[in-house]
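Chemist: Sharing a structure below in structure tokens format, with a few things to ask.
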Amino acid sequence: MKIVDLTNILRKDTHIYYRREFRADAVFEIMDQTKSVPVEFVLEHKPTGSVDVSATIVEGLDYPVMPFVSKLKAFIAELDKRGALP
């Protein structure tokens, strides 16, 4: 299983400046098939300078959830590090 891309990324308006909330569609490959699932994720900046990433799957997923969420968090953290999120 491999996370390919996040599409339709929408940033939610929040009044907390150190917390960014998003909705998106996660595109992933599994056994030579490309699938998409809606997800929500939050990037929270800690006082120490680190960024905490949390992610949830909005709809059902035909794959074990824990490995998917782990890879999704790593993919989101990399996008944030590159400045590719709105």
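Chemist: Residues D5, D32: which one is under 14 Å from F75 (Cα atoms) and of a type in the set (D, E, K, R)?
Modeler: D5
Chemist: Oh, and also: Looking for something part of a strand (DSSP E or B) and polar (S, T, N, Q) - is there at least one such residue anywhere in segment 50-70?
Modeler: Scanning segment 50-70 turns up at least one residue that is part of a strand (DSSP E or B) and polar (S, T, N, Q).
Chemist: To continue, here is another question. Filtering segment 14-61 down to residues that are at pLDDT below 95 and acidic (D, E), which residue is surrounded by the most Cβ atoms within 10 Å (Cβ to Cβ)?
Modeler: Within segment 14-61, the match that is surrounded by the most Cβ atoms within 10 Å (Cβ to Cβ) is E59.
Chemist: A further question follows. Filter segment 18-35 for residues that are assigned to a strand (DSSP E or B) and closer than 19 Å to P86 by Cβ and give the result.
Modeler: Residues of segment 18-35 assigned to a strand (DSSP E or B): 19-30, 33-35.
Correct list: R19, R20, E21, F22, R23, A24, D25, A26, V27.
Chemist: Looking only at residues that are in a loop (DSSP other than H, G, I, E, B) and either in contact with a Ser or Thr (Cβ under 6 Å, 6 or more places away or on another chain) or without any contact (Cβ under 8 Å) to a residue 12 or more places away in the chain (or both) in segment 71-86, which one is surrounded by the most Cβ atoms within 10 Å (Cβ to Cβ)?
Modeler: The qualifying residue surrounded by the most Cβ atoms within 10 Å (Cβ to Cβ) is A84.
Chemist: Still on this structure, I have one more. Can you pull out the residues in segment 1-34 that are charged (D, E, K, R) and in contact with a Lys or Arg (Cβ under 6 Å, 6 or more places away or on another chain)?
Modeler: E21, E29 - these are the residues of segment 1-34 that are charged (D, E, K, R) and in contact with a Lys or Arg (Cβ under 6 Å, 6 or more places away or on another chain).
Chemist: If I go through segment 15-38 residue by residue, how many of them are among the polar types (S, T, N, Q) and under 18 Å from V58 (Cβ atoms)?
Modeler: 1
Condition check ((1) touching a residue at least 60 places away in the same chain (Cβ under 8 Å); (2) over 20 Å from P86 (Cα atoms); (3) touching a strand residue (DSSP E or B) at 6+ places or on another chain (Cβ under 8 Å); (4) not acidic (D, E)) across all residues:
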residue	(1), (2), (3), (4)
I3	yes, no, yes, yes
N8	no, no, yes, yes
V39	no, no, yes, yes
T48	no, yes, no, yes
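Chemist: Among the residues in segment 10-17, are any out of contact with any Leu (no Cβ under 9 Å at 6 or more places or on another chain), of a type in the set (K, R) and not in a loop (DSSP other than H, G, I, E, B)?
Modeler: Yes - at least one qualifying residue is present in segment 10-17.
The values are calculated or read from the model by the stated rules, or taken from the named source; none is laboratory data. In this text, all values refer to a predicted model and were calculated from it rather than measured experimentally. All Cβ positions, glycine included, derive from the backbone under ideal geometry; neighbour counts span all protein chains shown.
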